[in-house]
Amino acid sequence: MKTVITYGTFDLFHVGHVRILKRLRALGDRLIVGISSDEFNAIKGKKSFFSYAERAEIVSSCQYVDEVFPEHNWEQKRADILKYQADIFGMGHDWQGKFDDLSDICQVVYLERTEDISTTEIKRSLSLITPEQLHELEHSVHSMVEVMNVILKSTNR
Ligand code: CTP
């Protein structure tokens, strides 16, 4: 029985997340995922859209994931690997070399990330205002100004 362990925030669960979980699961027989708690995200200067409970529910319902648990700090990985008897520790290559110190207790692998998608990018795209929305907004402001002018004229009379 080969156990694989990985970590992440997994906010706004997307296809990059699915693909890395699928490839990590294929390396063994069981995939365990440590999910950043909301408090840990705050330490990292991040705020997720979905709460820990929601992210944990979403990730654990992925067919490639066998178990999830909260990650509260940077230091717990070594103890988690021993607790879950993980044979492989895997992360996306954005973390290349960062966890090599764990290679004395398990195999450490870094997998290619899926290109052109990330939670940060999704948040950025959703926060952009489209030309159509801008037009609608201008139209609404214009209508409001007209209504206010009518009210002002009637009160000045
Ligand atoms: N990941 C990936 N391909 C992507 C995005 C993420 O393989 N396009 C991997 C990361 O390398 C990591 C795991 O998915 O091993 C969880 O990453 P996470 O940081 O939660 O996702 P991101 O979309 O990278 O989030 P952010 O933009 O907030 O960093």
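The values are calculated or read from the model by the stated rules, or taken from the named source; none is laboratory data. Please read these numbers as outputs of a predicted model, since none were measured by experiment. Here the Cβ positions follow ideal geometry from the backbone for every residue, glycine too, while neighbour counts run over all protein chains shown. Please note that ligands, DNA and RNA were not included when accessible areas were found on the heavy atoms of the full protein model with its side chains. Shrake-Rupley method; radii C 1.70, N 1.55, O 1.52, S 1.80 Å.
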Please give the calculated 222 nm ellipticity per residue for the chain, where each DSSP H segment of at least 4 residues contributes -39500 (n - 2.57) and the sum is spread over every residue; nearest 500 deg cm²/dmol? -13000 deg cm²/dmol
17 Å Cα cut-off, lysine pairs counted over the chain (separation 8 or more, or different chains): 7
Solvent exposure, largest accessible area first (probe 1.4 Å, DNA, RNA and ligands not counted), of HIS17, HIS135, HIS72: HIS135, HIS72, HIS17
How would MET91, MET144, MET1 rank on accessible area, largest to smallest, probe 1.4 Å? MET1, MET144, MET91
Under 8 Å for C-alpha pairs, at least 6 residues apart: give me the relative contact order for the chain, rounded to a whole percent. 25
So how tilted is helix 131-156 from the main axis of the chain? Cα-based, degrees 0 to 90, rounded to 10. 30
The extension gain from GLN133 to ARG78, computed as 0.36 nm times the residue separation minus the Cα-Cα distance, is 14.9 nm
Within 14 Å, Cβ to Cβ, of LEU27, how many net charges do the neighbouring residues add up to if Lys/Arg are +1 and Asp/Glu are -1? +2
Segments 27-33, 59-65, 94-100, 146-152 sorted - mean Cβ within 10 Å per residue, highest first: 27-33, 59-65, 94-100, 146-152
Please identify every one of the GluC sites (Glu not before Pro) in segment 63-136 that sits in a loop by DSSP and has no more than 15 other beta carbons within 10 Å of its own beta carbon. GLU112, GLU115
What is the angle, in °, between the Cα long axis of helix 15-25 and the longest principal axis of the Cα atoms in the chain? Nearest 10 is fine, range 0 to 90. 10
